[in-house]
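Following: one structure in structure tokens, then a few remarks.
Here, each number is a calculation from the coordinates, and none is a lab measurement. Predicted, not measured: the structure shown is a model, and the values here were computed from it.
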Amino acid sequence: MSSVNKVILIGNIGKDAEVRHLDKDRAVAQFPIATSESYTKNGERITTTDWHNIVAWGNLAEFAGNYIKKGRQIYVEGRLKSRSYDDKDGVK
């Protein structure tokens, strides 16, 4: 049995895409997007926002550098990968 790892996000770009070029001139772009959900609780409208860090590679990274600008709405489709960092004291 195979598994599927696919995510679709529609949200607002938090800042312009940052493009870097790695060895062999391979491009990588990073940018955050915000997705929001609204609901009503006790007659009050509540909105929660989640932030997602997006990474794009190659030609898609170059495209992102030209067109991914803060405040625009975007549709992102890809695979989900979670990462974390532990500092020298073991704090995530």
(request) Note the angle between two axes, namely the Cα long axis of helix 58-67 and the longest principal axis of the Cα atoms of the chain, as a number of degrees from 0 to 90, rounded to the nearest 10. (result) 60 degrees
(request) Take every Cα-Cα distance within the chain, group them into 5 Å bins from 0 onward, and report for each bin the whole-number percent of pairs it holds. (result) 3, 11, 17, 18, 16, 15, 11, 6, 2, 1, 0, 0
